[in-house]
1. Return yes or no: is Glu117 within 18 Å of Arg87 (Cα to Cα), in a helix (DSSP H, G or I), out of contact with any Gly (no Cβ under 7 Å at 6 or more places or on another chain) and acidic (Asp, Glu)?
2. Pick from Val184, Val159: which is within 14 Å of the chain's Cα centre (by Cα) and farther than 16 Å from Arg230 by Cβ?
3. Go through (1) surrounded by fewer than 20 Cβ atoms within 10 Å (Cβ to Cβ); (2) modelled with pLDDT under 95; (3) assigned to a helix (DSSP H, G or I) one by one and return the number of the condition Ser125 breaks.
4. Is it the case, given these coordinates, that Ile128 is of a type in the set (Val, Ile, Thr), closer than 15 Å to Tyr71 by Cα and over 12 Å from the mean Cα position of the chain (by Cα)?
5. Looking at Asp156, Asp140, Asp130, Asp106, can you tell me which residue is more than 16 Å from Ile251 (Cβ to Cβ), acidic (Asp, Glu) and part of a loop (DSSP other than H, G, I, E, B)?
6. Looking at (1) of a type outside the set (Asp, Glu); (2) part of a helix (DSSP H, G or I); (3) in contact with a helix residue (DSSP H, G or I) (Cβ under 9 Å, 6 or more places away or on another chain); (4) at pLDDT below 60, which one does Ile181 not meet, given that it meets all the others?
7. If the Cβ limit is 9 Å and pairs must be 6+ apart or interchain, which residue in the stretch 154-177 that is over 20 Å from Tyr244 (Cβ atoms) pairs with which residue that is at pLDDT 90 or above and assigned to a loop (DSSP other than H, G, I, E, B)?
8. Return the residue satisfying two criteria in turn: it lies in the stretch 77-99 and is hydroxyl-bearing (Ser, Thr, Tyr) and farther than 14 Å from Arg144 by Cα, and of such residues it is surrounded by the most Cβ atoms within 10 Å (Cβ to Cβ).
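The values are calculated or read from the model by the stated rules, or taken from the named source; none is laboratory data. Worth saying up front: this structure is predicted, and the values here are computed from it rather than measured. Every residue, glycine among them, receives a Cβ derived from its backbone with ideal geometry; neighbour counts consider all protein chains shown.
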Amino acid sequence: MSDNLQPRGADDATFAQPLYTPIKRRSFFMYAGATAGATALVLAGCSKDSDPVTTSNLINVGSGDTGVLNYAYALEQLEAGFYTALRDGAYYKGLATTSAERQILDDLYYHEVIHREFFKAAITSGRISDSLKPDFSKIDFSSRTSVLGAAKAFEDLGVAAYNGAGQYITSPLYLTLAGKIVSVEARHAAIIRDLVQEGSFIDNSVVTLTTANASASASGAGPASSSVERSMTPNEVTAAANAYLADGSKIDASGLK
C-alpha cells in the first residue's frame, strides 16, 4: 500500500477538512456525499487492478475496483467542469444572489468539486489524468433552458453510471459507499428536474415502473406497482460523456466487465 494513503483507522473528518472549509454553510445532502467518499476512496491505492492507459486517443480507465473509481473520477471531473462553466455564464450571473435557484446551483457546484477532489486525493495508484478537458460548445450558458437541460442530462447520466457500475465492484466497502454516493447524486438529479418542471423529479425515463401480477388485485387491494431505477453500462455512459469531452480526454471503460 502506498505510504501516502490514510490508515484504515484514520479520522475521516480530519482527512476531509480541507474540502469542507469553503462550504461551511452548505446543506446537509452535500456533506453526506462527501463523507461517503472520504472513507471509501482512501483505500483505492491498495488495488492490484490494471492501470489506465491511453490508446487510440482514448483514456482507458483500467479494470476492477481501480477502473470503476477512475471511471467515476472522469465523470466527476466532467460534472465539476460543467458547473464551473455554468457559474461563469450569463444565465447564472443574471440570477439574484439570494434566489433559491442560484443557491441550488451553487450547492451542486461545490458538491461536484468535493467529489472530484476526493477521487483526486485518494486514487494514489493508477489514477487517470486530473485534467480531462471538457467540450461544452453544444451548451448555451446564457440560456436557462440549455443550461438546465444539460444539467439534467449530466445528473441523470451520473446516477445511471453508478447504478450500472456497481456490479463491477468487488470490495463490499466500496459497493456500500458507492451506494451512498449515488443516493446523493440522485438528489441532484431530482432537484434539477424540479427546476426544469416542478413535480417532474421522476419519470419513466429514469425509472422503469412495473405492475405486479394478479395477486394484489385478487386480495382486493388493487394492482400493486413497483419501480426499478434504470442503469446504464459503462460503454453507454462513455458514449454520452465523450460527446462533452475534448479529443485526447475521451474515456474508454471497456475494461470494466
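1. Criteria not met by Glu117.
2. Working: Val159 fails: farther than 16 Å from Arg230 by Cβ.
None of the others qualify; the one that does is Val184.
3. Of the numbered conditions (1) surrounded by fewer than 20 Cβ atoms within 10 Å (Cβ to Cβ); (2) modelled with pLDDT under 95; (3) assigned to a helix (DSSP H, G or I), the odd one out for Ser125 is (3).
4. yes
5. Values: Asp156 fails: part of a loop (DSSP other than H, G, I, E, B); Asp130 fails: more than 16 Å from Ile251 (Cβ to Cβ); Asp106 fails: part of a loop (DSSP other than H, G, I, E, B).
It is Asp140.
6. It fails just one condition, (4).
7. Filtered contacts from the stretch 154-177: Tyr168/Ser63; Tyr168/Leu256.
8. Per the criteria, the residue is Thr84.
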